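Everything below concerns the one structure shown next.
Nothing in this text is a laboratory measurement; each read-out follows from the coordinates by a stated rule. Note that the structure is a prediction, hence the values are computed from the model and not measured. Here the Cβ positions follow ideal geometry from the backbone for every residue, glycine too, while neighbour counts run over all protein chains shown.
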Amino acid sequence: MSINRTFRIVLLGIALAIAGSAAAQYNEISCSKRPFTTRIVQVDQLENSTVFYFEYQNDGQRYMNVYEDIAVRDDHGNAYPLLNSYNMPLSDEDHSHQLVLTPNQEHRFALEFERVPLNNTLDIVESEGNLRALNFYEVVIDTINQVSRIDFDNWIKDYPVKEYGFYISDGESVQYMSYKGLVLSAHIQETKEYGHYYTIDLDVQNYSNKDVLLDPARITATSYIPKKKKEVDMKVLSAEDYDKRVKRSQRWSMALLVAAEVAVTAATIALESSDNDHHRNHHDHPGPPPRHHGWRPAHYSHHPYYPTDHYRSRYHSHEMGGIVTAASVALTMGVAQNQAEKREALQADYIKANSIKQGSEYMGYFHIKHEKTDNLVVSIPLMGETFDFHFQWQSKK
């Protein structure tokens, strides 16, 4: 349950308490047409608002929500807009927030509207003509027989809501799920860094009443592969798995670099040796050899790969090889240090097993080995529950 929803429930409790003797409750309710999965169990008439309590039985739906423009209408054409939704995600045209349903799930929630006169025949309309919408027609409330007020916190304690939705951050869609004080946010992207992966950026906020263990070893991913026409398990890489891949890739890169440096060193020594032989055989050559007009190797004038006449006259071939070797060693050491720093940075943000303390937040990322597909379900177990994130995208041709 999100913090905002918890706050709204507290407000409902305060409103009920303040109403005191002004409140009246009724549970003898009839209507001519309603969603067969949902019924009104009670109506509380408060001083400034009216609260309808609902019970819902899932009939195969995966998600459920209520749109904020739902309203109560009386038989005189007056409309009474929604004020608050309790234990039910509230959505609008720009933001999707949904209750995640399990098969045969029962659920309880309440909707609070501006104060409605109860001596009329009422309609509650979320979306006209939508058979799945929360539409009730010709609701009649018996206001003669009053009943006790519902203890809302106790009434919903066995019906916590697992809420799903998304928001936009820097132009990217981020999914979130909240349940029992936990809020998980996940974003997917395709990356190519020491391999080819689907990368999940994960954020876990713990507003529950206890510490929560995040165990990456229990995270799984599946995908329906169109080419294979079946659902397959996708490999989720641990921090250790990814670190091994990084090390192998860096070692291979370093080996190629060293091989290239050795080849350049050998070629330079051979070139210098040949140049010295040329000078010995042509000692009477007047001055340095001619150069093409306009060609001046300014960027390489002091680089051992392109020695100037000054260096030719000052160093012998074996000394030249020493300079190249020293430069090669320095370059190799610099690359090795950069690779070590890169590897450390990658590991610092990769998710690892952590106890997430109450009121704290944990962020990181993990990789899923790439396989050509257009969908992915990532399952993250936490606090005895599994949070399933469904990702879908347009496959690249």
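Structure summary
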quantity	calculated
Karplus 3J(HN,Hα) series, Hz, for region 242-250 with 6.51 cos²θ - 1.76 cosθ + 1.60 (x for Gly, Pro)	5, 4, 4, 5, 4, 4, 4, 5, 5
Proximal lysines to K157, defined as alpha-carbon separation beneath 28 angstrom and excluding residues fewer than eight positions away on the same chain	K180, K210, K357
Residues with amide H under 5 Å from that of V116, placed H, sequence gap 5 or more	T50
Amide H partners (placed H, <5 Å) of I356, local residues excluded	V212, L213, L214
J(HN,Hα) series, region 70-86, from Karplus relation 6.51 cos²θ - 1.76 cosθ + 1.60, nearest Hz, glycine and proline x	4, 8, 9, 10, 9, 6, 9, x, 7, 10, 10, x, 6, 9, 8, 10, 10
Charge dipole (debye, nearest 20) of region 3-156; +1 at Cβ of Lys and Arg, -1 at Cβ of Asp and Glu	360 debye
Relative packing of peptides 65-73, 211-219 - highest average C-beta neighbours within 10 Å first	65-73, 211-219
Rounded to whole Hz, the Karplus (6.51, -1.76, 1.60) HN-Hα couplings of region 358-368, x for glycine and proline	4, x, 10, 9, 10, 10, x, 9, 8, 9, 10
Highest average packing first - 359-369, 220-230, Cβ atoms within 10 Å	359-369, 220-230
Amide H contacts under 5 Å for N135, placed H, 5+ residues apart	E126
Cross-link partners of K342 among aspartates and glutamates (Cα-Cα below 19 Å; sequence separation of 8 or more within a chain)	E193, D201, E240, D241, D243
Calculated P(r) of region 3-156 - Cα pairs past 24 Å, %	29 percent
Net +/- balance of residues flanking E172 in space, Cβ distance below 15 Å, scoring K and R +1, D and E -1	-4
Neighbour-count order for S32, S148, S85, fewest beta carbons within 10 angstrom listed first	S148, S32, S85
